[in-house]
1. Filter region 478-496 for residues that are in a helix (DSSP H, G or I) and either polar (S, T, N, Q) or not assigned by TED's automatic domain parsing to the domain that holds Ile511 (or both); which is surrounded by the fewest Cβ atoms within 10 Å (Cβ to Cβ)?
2. Only one residue in Leu244, Leu258, Leu298, Leu250 is in contact with a Cys (Cβ under 9 Å, 6 or more places away or on another chain), assigned by TED's automatic domain parsing to the domain that holds Gln433 and crowded, with 24+ Cβ neighbours inside 10 Å, so which one is that?
3. When only residues in region 113-131 that are among the small types (Gly, Ala, Ser) and crowded, with 17+ Cβ neighbours inside 10 Å count, which is modelled with the highest pLDDT?
4. Under 21 Å from Glu7 (Cβ atoms), out of contact with any His (no Cβ under 7 Å at 6 or more places or on another chain), among the β-branched types (Val, Ile, Thr) and outside any strand (DSSP E or B): which single residue out of Val68, Val47 fits that description?
5. Tell me which residues, restricted to region 323-343, are part of a loop (DSSP other than H, G, I, E, B) and crowded, with 24+ Cβ neighbours inside 10 Å.
6. Only one of Leu202, Leu169 is closer than 22 Å to Glu494 by Cβ, surrounded by fewer than 17 Cβ atoms within 10 Å (Cβ to Cβ) and more than 18 Å from the chain's Cα centre (by Cα). Can you tell me which?
7. Going through region 285-314 one residue at a time, which ones are touching a residue at least 40 places away in the same chain (Cβ under 8 Å) and of a type in the set (Gly, Ala, Ser)?
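The values are calculated or read from the model by the stated rules, or taken from the named source; none is laboratory data. What you are looking at is a predicted structure, and each value in this text was computed from that prediction instead of being measured. Counting neighbours? That spans all protein chains shown, and the Cβs are built from the backbone with ideal geometry, glycine included.
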Amino acid sequence: MIFKGIELNRIYNEHENGFRRTGHIQEGYEYYNRKGVGYALPKGCRVHGDVFSLIVKYCDDEISFITVGYNRTGEVSASRAGDIPYPSPAAQRAGYTLVNTGRMRHAVFILDKPDFIKSNDADIIIHGVRNILSVQLTKGICEEAIELARSERPSPEECQPLIHLNRPLQLVSTAGVDAHLSRDMETSLRNSLEYMSELCPLIKVLGFNAVEGYVKWNFIEYEKGVFDFSYYDKLMEHAANYGLKWFPLLIGGSGYALPEWYRESEGFTSFVCLEHGEANDIPTIFNANQSGPVSNFLYEFGKHYNGIENLQGVRLGPSGNYGESQYPATGNWGYKGRWQHMHIGWWAGDEYAPLRFRKFLMKRYRNDISKLNEAWKEANTSFNEIDAFLPSSAFVPRKRKDFTDWYVHEMDNWCERWAVWTREYLKSCDIYQSSGGWGFVESGTDFTEQTRSMLNTGGGIRATNEDESYVLNFCITRMLSSAARFYGIDFGTEPASFTSARGLLGRLYNIITNKEAFT
């Protein structure tokens with residue numbers, strides 16, 4: 001089909017002739033980079049405009065994921081002959097996943113302010129598809145081509161798994177479900193279903209059996225006491241069309257997931273860092289006012305989804321900004337998308353933290369201030385004089401240890417309560433605690449204790465802390481897997497977040513050998 005566009009010329013094909021782009025590929029590492037096919041405008045052709053549609057006609061005869069890179073106006077270009085800069089990724093609209101249907105299909109990508117200036121090299125590079133039949137460029141957003149690409153998507157019947165495991169695992173993949181960017185529920189649902197329509201066929205063919213997505217508190221209880229699960233019901237139903245179950249991450253302790261009625265209430269208190277005295281949008285775990293609202297959210301979720309066959313399990317997101325079992329560390333997604341104060345540090349500067357700290361010390365020293373003074377080499381007259389402090393400011397090791405013990409204990413306790421609240425009504429599926437970081441004390445993550453605490457709910461532990469370095473990856477995941485093996489609970493990990501084929505293979509090898517230790 002012709003879409004009144006310009007037919008682009010193929011300049012090179014790295015699948016046939018090896019890498020053409022040498023500037024950013026380290027010698028000897030070609031295997032770990034995707035090969036592409038370069039295209040350019042016809043010689044002497046010039047185009048004007050800000051937005052263009054790239055329409056790729058191809059034969060769907062492999063299992064793959066198409067991406068398009070192009071030079072965007074205003075970005076740094078190559079400075080030496082043969083060097084091609086990292087291209088900008090084109091926005092994917094439809095038809096960009098291949099599942100070996102054998103059919104001719106179309107894919108559409110949107111280019112924003114492209115810079116077509118190369119006369120002897122490629123203007124765009126297409127990765128993930130070898131059998132390209134034609135490439136067209138049209139001005140604006142070509143809705144006709146997008147609808148055609150949508151109509152050609154694989155049916156569920158065409159998506160049969162390539163592999164079948166003798167010992168089945170829970171193999172979960174993200175499916176492009178909205179996390180935190182859109183607050184318009186109708187738009188978010190439409191976008192999420194669109195992504196799932198592209199990704200679920202590929203996920204199914206690759207052998208996954210479930211999809212993961214964020215379940216945000218503010219998308220369920222956007223009015224206090226009014227719970228609406230229809231948004232997530234539709235996502236679960238859409239995955240089920242492809243024989244995939246749902247494995248959501250419950251986010252109720254991160255700034256971007258807070259309902260407005262709760263965030264703007266008098267009972268809300270955020271974390272405050274001790275270093276700078278600045279707050280962010282993440283609710284402090286030291287304020288007891290958070291317990292009632294968030295536990296109600298988890299109760300209602302459990303009541304609604306208990307016994308649902310298409311729910312494979314849930315992950316817990318009790319705090320932090322990634323929905324993990326830790327204090328704020330990185331990731332700057334604030335309330336309603338705004339900037340927030342965020343760094344690895346000590347988040348005990350709010351008014352409630354000292355009260356919790358004093359209670360901990362009173363129990364540890366049996367309500368005897370003289371015993372604390374002896375240990376700290378101080379002369380406090382009562383526990384009420386003691387405030388939270390930066391551990392680096394304490395010259396007595398015992399004082400530093402008391403603070404860090406308390407700090408970690410509070411996060412462990414909060415995460416265990418989350419598990420208990422979730423299991424109260426959700427009896428029919430697995431529950432995993434999301435344990436991230438690499439065990440540094442500022443995160444409040446005690447891998448052993450957080451693993452042990454899941455015994456009370458019959459839950460498991462999920463590592464969200466993998467790394468591109470196999471050596472580092474081995475170390476940080478074995479801390480969790482060893483604890484899981486010792487306590488006899490389920491263990492999961494996260495070998496995702498593609499950055500290089502080498503790193504991804506290292507992660508897969510790590511989890512396979514890790515899993516063998518359990519059998």
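1. Of the residues in region 478-496, the ones in a helix (DSSP H, G or I) are 478-487.
Those still in the list that are either polar (S, T, N, Q) or not assigned by TED's automatic domain parsing to the domain that holds Ile511 (or both) too: 481-482.
On the way: Ser481: 22, Ser482: 16.
Among those residues, the one meeting the criterion is Ser482.
2. Details: Leu258 fails: in contact with a Cys (Cβ under 9 Å, 6 or more places away or on another chain); Leu298 fails: in contact with a Cys (Cβ under 9 Å, 6 or more places away or on another chain); Leu250 fails: in contact with a Cys (Cβ under 9 Å, 6 or more places away or on another chain).
Answer to the check: Leu244.
3. Restricting attention to region 113-131, the residues satisfying the condition of being among the small types (Gly, Ala, Ser) are 119, 122, 128.
Narrowing further to those that are crowded, with 17+ Cβ neighbours inside 10 Å: 122, 128.
Values: Ala122: 85, Gly128: 94.
Taking the candidates together, the pick is Gly128.
4. Values: Val68 fails: outside any strand (DSSP E or B).
Result: Val47 is the single residue among Val68, Val47 that is under 21 Å from Glu7 (Cβ atoms), out of contact with any His (no Cβ under 7 Å at 6 or more places or on another chain), among the β-branched types (Val, Ile, Thr) and outside any strand (DSSP E or B).
5. Our first condition is that a residue be part of a loop (DSSP other than H, G, I, E, B); within region 323-343, this holds for 323, 325-334, 338-343.
Within region 323-343, Gly323, Ser325, Gln326, Tyr327, Pro328 qualify.
6. On the way: Leu202 fails: surrounded by fewer than 17 Cβ atoms within 10 Å (Cβ to Cβ).
Within the list Leu202, Leu169, the selection yields Leu169.
7. Ala288, Ser291, Ser295, Gly302, Gly307, Gly313
Residues are listed down the side, and each one gets a yes or a no for (1) more than 18 Å from Pro42 (Cβ to Cβ); (2) without any contact (Cβ under 8 Å) to a residue 60 or more places away in the chain; (3) within 29 Å of the chain's Cα centre (by Cα):
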position: Ala91; (1), (2), (3): yes, yes, yes
position: Ala94; (1), (2), (3): yes, no, yes
position: Asp112; (1), (2), (3): yes, no, yes
position: Ile125; (1), (2), (3): no, no, yes
position: Val129; (1), (2), (3): yes, no, yes
position: Lys139; (1), (2), (3): no, no, no
position: Ala145; (1), (2), (3): yes, no, no
